[in-house]
Every structure is written in structure tokens, then in C-alpha cells.
Amino acid sequence: VQLQASGGGLVQAGGSLRLSCAASGRTLSSYTMGWFRRAPGKEREFVAAMGWRTGATSYADSVKGRYTISRNYTKNTVYLQMNSLRPEDTAVYYCAASAFTRIEMGETFYNYWGQGTLVTVSS
């Protein structure tokens, strides 16, 4: 599976961005798709995940109610809609695919990673 993340950029606090992660090389029907982020000087952390087949979702507490993960079957793409952005959301965001059908938050469960896209939220 090859993953291509896009959609990052500079936005003011309170604004919105939508990240995309296009997958190729394999259908995602048995995968879990996740988003992670790494803020400057911090470890990479889980943000959100979705079971491709089930549509089940999970979110980190820090983004719950502000971020929404979704998928488009036809485009083989997963999205991360980010609203009410805060300066502390500034990070490089990575999409990832896990062969585990159960949603896992640990990055070791994810087999494939995209290249990352930078989101900068100004105050």
C-alpha cells in the first residue's frame, strides 16, 4: 500500500483544513486507516482512525468534537476534516494503514505510512 497525504498548510486559529490520504497498490477493505501527528519537539501521537469496512472511528481526546475522519470508497481516499484549529494542533500529520481490522492507537500496529503533511496554526 502506498499512501500520499496532502492538504496541509497555514491557517489561523479557529480555522479549518481538510487533509487527504490517497491509497494505491491495494484495496483497503480489510484495513484500518489512521492519522497521527508529530508536533515540534514531541513524539508522534495518535489522532484518529477508521475501519475502512466498518466505518467505526476512534479519536484522541484532544481532537474529539473538532476533527472528523471519513473515507471515499471510489477514490480510495481517507480524509481528516479539522475544525476549530488551535496553535497546539501545529504538527506534521501522517496517514497510516493497519492490517489489523480492530482500531488500534499504537503506531506499531500500522504497516504503511504516508510522507506527512505540515499543518501550521497561527495564533
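The values are calculated or read from the model by the stated rules, or taken from the named source; none is laboratory data. All figures in this text were calculated on a predicted structure; none of them were measured in a lab. Cβ placement follows ideal geometry from the backbone for every residue including glycine, while neighbour counts extend to all protein chains displayed. Keep in mind that these areas ignore ligands, DNA and RNA; they rest on the heavy atoms of the full protein, side chains included. Shrake-Rupley method; radii C 1.70, N 1.55, O 1.52, S 1.80 Å.
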**Study point:** Relative intensity, log₁₀ I(q)/I(0), of the chain from a Debye sum that treats every alpha carbon as a point, q = 0.16, 0.20, 0.22 Å⁻¹
**Key:** -0.67, -1.06, -1.28
Practice item. Compute the length gained on full extension between LYS75 and SER24: take 0.36 nm times their separation in residues and subtract their Cα-Cα distance, giving the result in nm to one decimal. Key: 17.4 nm
Review point. To the nearest 10 square angstrom, what accessible area does TYR73 show with a 1.4 Å probe?
Key: 130
Review point. Roughly how many Å² of THR101 are accessible to a 1.4 Å probe, to the nearest 10?
Key: 100
Study note, to complete from the structure: In whole µm²/s, the translational diffusion coefficient that Stokes-Einstein assigns to the range 27-97, given a Kirkwood hydrodynamic radius over C-alpha pairs, 37 °C and 0.692 mPa s, equals 261
Review point. Quick one: accessible area per residue over the chain, 1.4 Å probe, rounded to a whole number of Å²?
Key: 50
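Find how much the distance from GLU45 to ALA13 grows on full extension, using 0.36 nm per residue of separation minus their present alpha carbon separation; answer in nm with one decimal.
9.4 nm
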Check your understanding: What do you reckon, how do ARG37, ARG53 stack up by accessible area (1.4 Å probe), largest on top?
Key -> ARG53, ARG37
Exercise for review: Classify the range 29-69 as rounded, prolate or oblate, taking a ≥ b ≥ c as the square roots of the eigenvalues of its Cα gyration tensor: rounded when a/c is under 1.5, otherwise prolate if a/b is larger than b/c and oblate if not.
Suggested key: oblate
Check your understanding: With all protein chains present, how much of the accessible area of the range 1-62 (probe radius 1.4 Å) comes from carbon and sulfur, to the nearest whole percent?
Key -> 46
Check your understanding: Mean separation of Cα pairs under 8 Å and 6+ residues apart, divided by the residue count of the chain: what relative contact order is that in percent?
Key -> 36
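Suppose accessible area is computed on protein heavy atoms with a 1.4 Å probe; arrange VAL92, VAL11, VAL119 from highest to lowest.
Sorted by accessible area, descending: VAL92, VAL11, VAL119.
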Point to revise | Area accessible to solvent at LYS64, 1.4 Å probe radius, in Å² | key: 120
Practice item. Kindly list the residues of the range 22-39 that lie in the label zone of ALA99, defined by a backbone N under 11 Å from the point 7 Å along the Cα-to-C-beta vector. Key: none
